[in-house]
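Computed from the coordinates by the stated procedures, all read-outs in this text should not be read as laboratory data. These figures come from a predicted structure and were not determined experimentally. Glycine gets a Cβ as well: all are built from the backbone with ideal geometry, and neighbour counts include every protein chain shown.
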Amino acid sequence: MLAVSLDGRLAPPEGGAAQLGGRGDRRVLEEALAWADGCLIGAETLRRHGTTCLIHAPDLLEQRARQGRPPQPVAIAVSRLGCLPPELPFFRQPLERWLLVAGQPAESPLGFLRTLPLPNWPEALAQLARLGLERVAVLGGARLARSLLEADRLDELQLTLCPRLLGGTHLWLPPGATGAGVSPWRLLEQRTLGGDEVLLRYGRGSGGSGPDRSSS
Ligand SMILES: NC(=O)c1ccc[n+]([C@@H]2O[C@H](COP(=O)([O-])OP(=O)(O)OC[C@H]3O[C@@H](n4cnc5c(N)ncnc54)[C@H](OP(=O)(O)O)[C@@H]3O)[C@@H](O)[C@H]2O)c1
């Protein structure tokens, strides 16, 4: 799930947070978080933003409590070596933190309840599912989205189209991404969010219906 400009950027030309989404985007982001057992976040997004998104909406927190789920989904940082500055406010946010690392960290990264290997996406996602995280949302950024798309592990795209033109090179899918395929995505939902923003949810291929949010 990403907030994107009308020209498909997710960050300003100089990088960093674009503060793209307004109140409507915040709501649909929290709805997706409320659906999720865990959320993947690219290490660079964490380094740039310092924190991850939390659910604040009282109705969504109540909904998760009724379902016997923790208030927040597990925040799963994704990194090659797990080098994340321990002073990031992320490490003080009220949620459970896990780490997926592709390589062999020099030392055990601190601040994470679990550190799991990322040999490839099918194995990593299967392991998360075995540990109870079956519904996994992706908070970006672009390189993480690209990696999952290239492994054909994105079932759904949730894009909030925001009324800005950013220019620059930070497209939500980096140039050169392979594996995006030619088959069209299927529109699952469109919602006007106010503030001239539009939510677009697309599912993979022609047959599936994407993750079922009705039980969330
Ligand atoms: N508009 C939005 O909704 C939105 C959402 C999120 C982010 N953003 C923006 O996106 C930008 C950051 O995006 P980005 O593309 O530069 O970085 P990113 O995708 O957030 O993070 C890239 C890093 O994630 C790790 N990573 C990604 N895929 C991996 C894989 N398959 N295996 C191992 N590690 C992997 C690596 O971490 P290591 O470097 O530790 O190896 C990699 O350098 C920021 O400007 C942020 O503001 C916007």
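Here the extension length gained between ALA129 and ASP152 equals 6.6 nm, from 0.36 nm per residue of separation less the Cα-Cα distance. Could you tell me which of GLY203, ILE55, LEU139 has its Cα farthest along the dipole of the chain towards the positive end, charges placed at Cβ (Lys, Arg +1; Asp, Glu -1), taken about the Cα centre? Farthest towards the positive pole: ILE55. Among the GluC sites (Glu not before Pro) in the range 88-151, those located in a DSSP loop and surrounded by at most 13 other Cβ atoms within 10 Å of their own Cβ are GLU107, GLU134. Mean sequence separation of contacting Cα pairs (under 8 Å, at least six apart), scaled by the length of the chain, corresponds to a relative contact order of 28 percent.
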